[in-house]
Amino acid sequence: MDYQIPQVWQVNRNLPMPLFKQVAENIKWTIYNGNIKAGTKLPPVHQLAKSLGVSVSTIQNAYQILEDDELIITRPHHGTEILDISERKEKSNDINHAFSKVIKDLLNQDYSEQEINEIFKHSMEAALNKKKILFIECDKYDKKTLAKQLSEFLDIKVDFILLNTLTNQYEIDESIDYTQYIAIVTTYFHYSKVMEDYSFTNLPVYAVVTEFSKSTIQKISGFKPGTKVAVLHQPQHSVDFNVSMIESIRTDLDIRKGIISEDNDQHELIKWADVCFPNHPCENTVLSIDPNKPVYFFGEQINAQSIGILQKNLSSIRSDFS
């Protein structure tokens, strides 16, 4: 599919603003002025990165900003598309209505306007002053899975940023206020890199173990003997480790591995396989070659024991954290 890249999306390397923020702001401009409509699909990350002459992580981070602002949504098998801004306004109205209801309830309980203001003020201060943890990973899908799990299991706010495993430390955004965090968390795959690249923050870095979800384990357990399995990754990711994860569940499968890059889409391997296990950035390649191919993913959930160890470590940092 050919995508028309608006000229206004081009970045200016002479500006002090980080490139990913420039891209996000440029796309926002075309959304707000109506030049691109709701439902319009944005270019794939790799294609837009190539068109704008920036890194893949720059586009990933830009798309993440737009997704956080509820301007776009990325759906598996469908790509990234513009959301209807009117839906966002409706959601805002719902929130306003909910706040109004709370205020009316307090007024009915004979709270004064000043007392209500104090309640909201203290609630806001408590929310803003509560320390957070920073979760760093190389796949934006980890924000919706692993980072969300951390927040729920630990009952703490978790911020997420992308780690670009192909870049050097000088590209790290040091403008982030790291004093708002009590620790940095990543997976064991990237623990060494995060430890090295983020040493300037003086924050403790912890690693968690990821594993298949129960549903994926059940699927693998139900494969017929000899099922042809393709394990597909980008060059910087570990293929052998994930092959061993599958083999720990089943030893009677025909497993082959392949590296997907700009020069190698593994077309023959994907066509050969009965099922594919790509890391998320490779999913689009698989489905572009065979839209009906069953696809499963690695590291969908955090190991429970790993969560327990992390919670003990965080408790040692803040006595009120449990």
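The values are calculated or read from the model by the stated rules, or taken from the named source; none is laboratory data. Only a predicted model underlies this, so the values are computations on that prediction, with no experimental measurement involved. Quick reminder, even Gly has a Cβ in these numbers, built from the backbone with ideal geometry, and neighbours come from all protein chains shown. Accessible surface areas use protein heavy atoms only, side chains included; no ligands, DNA or RNA. Shrake-Rupley method; radii C 1.70, N 1.55, O 1.52, S 1.80 Å.
Each residue in segment 244-290 was checked for being closer than 18 Å to Gly79 by Cβ and surrounded by fewer than 14 Cβ atoms within 10 Å (Cβ to Cβ), and 1 pass.
Would you be able to say whether some residue in segment 127-135 is assigned to a helix (DSSP H, G or I), open to solvent by less than 90 Å² (accessible area, probe 1.4 Å), out of contact with any strand residue (DSSP E or B) (no Cβ under 6 Å at 6 or more places or on another chain) and at pLDDT 70 or above?
Of all residues in segment 127-135, those assigned to a helix (DSSP H, G or I) come to 127-129.
Next, from what is left, pick out any that are open to solvent by less than 90 Å² (accessible area, probe 1.4 Å): 127.
After this cut, where a residue has to be out of contact with any strand residue (DSSP E or B) (no Cβ under 6 Å at 6 or more places or on another chain) as well, the list is 127.
Narrowing further to those that are at pLDDT 70 or above: none.
No, there is no match, as no residue in segment 127-135 is assigned to a helix (DSSP H, G or I), open to solvent by less than 90 Å² (accessible area, probe 1.4 Å), out of contact with any strand residue (DSSP E or B) (no Cβ under 6 Å at 6 or more places or on another chain) and at pLDDT 70 or above.
Those residues that are outside any loop (DSSP other than H, G, I, E, B) and either basic (Lys, Arg) or surrounded by fewer than 18 Cβ atoms within 10 Å (Cβ to Cβ) (or both), I need them from segment 10-22; list them, please.
Residues of segment 10-22 that are outside any loop (DSSP other than H, G, I, E, B), as a first pass: 19-22.
Within segment 10-22, just Lys21 meets the criteria.
Selection within segment 40-61: residues that are assigned to a loop (DSSP other than H, G, I, E, B) and open to solvent by less than 40 Å² (accessible area, probe 1.4 Å). The member of this set that is modelled with the lowest pLDDT is Ser55.
Only residues that are at pLDDT 70 or above and open to solvent by less than 90 Å² (accessible area, probe 1.4 Å): list them for segment 86-106, please. Answer for segment 86-106, where residues must be at pLDDT 70 or above and open to solvent by less than 90 Å² (accessible area, probe 1.4 Å): Ile95, Asn96, Ala98, Ser100, Val102, Ile103, Asp105, Leu106. Scanning segment 23-36 for residues that are part of a loop (DSSP other than H, G, I, E, B) and either in contact with an Asp or Glu (Cβ under 9 Å, 6 or more places away or on another chain) or open to solvent by less than 60 Å² (accessible area, probe 1.4 Å) (or both) returns Gly34, Ile36. Residue pairs whose Cβ atoms lie under 7 Å apart, sitting 6 or more positions apart in sequence or on different chains, and linking a residue in segment 202-231 that is under 29 Å from Gln311 (Cα atoms) and among the polar types (S, T, N, Q) to a partner that is modelled with pLDDT under 95 and in a loop (DSSP other than H, G, I, E, B), are Thr210/Gly299; Thr210/Asn303; Ser213/Glu300; Thr216/Tyr296; Thr216/Glu300.
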